[in-house]
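Working notes, structure below.
We did not get these values from a lab; they are worked out from the coordinates using the rules stated. Computed from a predicted model, the values in this text were never measured in an experiment. Please note: Cβ atoms are built from the backbone with ideal geometry, for glycine as well, and neighbour counts cover all protein chains shown.
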Amino acid sequence: MKSFREAAIREGLSRIPPVPDSPISARKLAQRVGLNPPVTFTDLIAMIEFEEQTFHGNLVTPTGTALGGSVDLTLRSNGKFDIQFHIHDSGIPDYDFQVRAIFTTSGGLVFVSQYNGHVEGTESTSLTHAPNRDSNHQESGINPLIRANWLEIKKGQLWITKEYSATGLSGFVQDVAKAVLDVAAISVGGALGVVIGLGTEASQLLRGLGLDGPFGVIAGVVVFVAGGSIVMAIVAGAAVGSVTNAMIRQRELSPQESAFAARIFGGSLPPANQIVLTNLSGLGGRAFTIPGADEKIYVNLGNAFYEPLQYHSDSYPTHGQVLIHELVHVWQIKHNTFLPGTVCASIVNQANNIVGQSVYVYGPPGPAWGNFNLEAQAAIVDQWFAGTKTVVVPNRTPMDGNDPYFGYIRDNIRNGQT
Ligand SMILES: [Zn+2]
């Protein structure tokens, strides 16, 4: 365990050597490591005590092309990242290049970083100028989705794609959605859904996809843009690459559904006309909820869209349970605790249950509501609603006011307390 002082030294907040007993501001430390208030002690400790993993990829070009290089991506469990591009020209011609680092996980998360540049070969030599054969680029940043998905990210894989030309940049593939889909098809069998831009170029690329609404269809895939990330979706049952606008259904939450939701949430959800249900799901078939650029919240229910109050499945065996689960994410969006780019883990959940690592194993009641992760909060509510038997509550009645988890419904959910 590192001490606050060690962390403060590393973040440049304390003198080296440290002055004994000089005060260290936890607030400044939190600011320095990229946390916005309110900051819990747990958050701060997680930022200070982190794991890191570096992934290396080489830029390979065919024989006869004197362009090479490498990419190093370091990801940390506190959400910070560093990426370094190194491109080298060892031949005669100059090159313009565009290198993309695409990092994928088995659960379908994708991080993309991009670097465009120029390197010189022998032809750029003059009497006063030696060729600039190297182009190096380094970027650092923080993305909370790295922290939220750390266990999966540790086992991820780095892919390098490149375009290059000795005659200029025109004709480079600018369609990031297509490039990412290509890699996704190789790496995770199309189960991908979330693409996160790391660094300035990639974030701009994702923002600039040119959608004319909160989502759009690109290359037969539905794309939502949220901040510097995108979530890809399909119509339930459709193949990746085959979705058309005509297949997409969307509507506001109905008065009947709204009344049903109020039995759990009281008046703490946004108005029904701000909640849009769709028949979309993540590429792996999972439901997800995402804030739209139009101030509405999109609840993507897949097949449950048609009759959410009647729908049930292996993951959500009680009628209406998946709607309740997703409405917890709506609640989190309204109360500013949600991370856009979160896709519900029900399928992962089933696989993980076998090894006892379910993200839905939220433990006994007691911790403050804000200490449960986003998926755990949603599961606490949907399982209280459904009366799901757990290790903690082996005998359970749906929506029981004496249930050990009911305090969270009464004090947090219905009161809008995060
Ligand atoms: Zn969820």
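Listed values, structure above:
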read-out: Hz values of 3J(HN,Hα) by residue in the stretch 60-73 - Karplus curve (6.51, -1.76, 1.60), Gly and Pro given as x; value: 10, 10, x, 3, x, 9, 8, 10, x, x, 7, 10, 10, 10
read-out: Placed amide H near ALA226: partners under 5 Å, 5+ positions off or other chain; value: VAL231
read-out: Per-pair calculated FRET efficiency, R0 = 45 Å: ILE45 and ALA272 via Cβ, rounded to 0.05; value: 0.65
read-out: Alpha-carbon centroid distance for the pair the stretch 388-418 / the stretch 293-317, whole angstrom; value: 22
read-out: Ranked list, fewest to most other Cβ atoms within 10 Å of each Cβ, for ARG32, ARG76; value: ARG32, ARG76
read-out: Full-extension gain in nm, ASN116 to SER25, via 0.36 nm per residue minus C-alpha separation; value: 28.8 nm
read-out: Long pairs among LYS28/LYS80; LYS80/LYS162; LYS28/LYS154, criterion Cα-Cα beyond 27 Å; value: LYS28/LYS154
read-out: J(HN,Hα) series, the stretch 248-253, from Karplus relation 6.51 cos²θ - 1.76 cosθ + 1.60, nearest Hz, glycine and proline x; value: 8, 10, 8, 7, 6, 4
read-out: Neighbour cut-off at most 13 other Cβ (10 Å), DSSP loop, trypsin sites (Lys or Arg not before Pro), the stretch 131-161; value: LYS154, LYS155
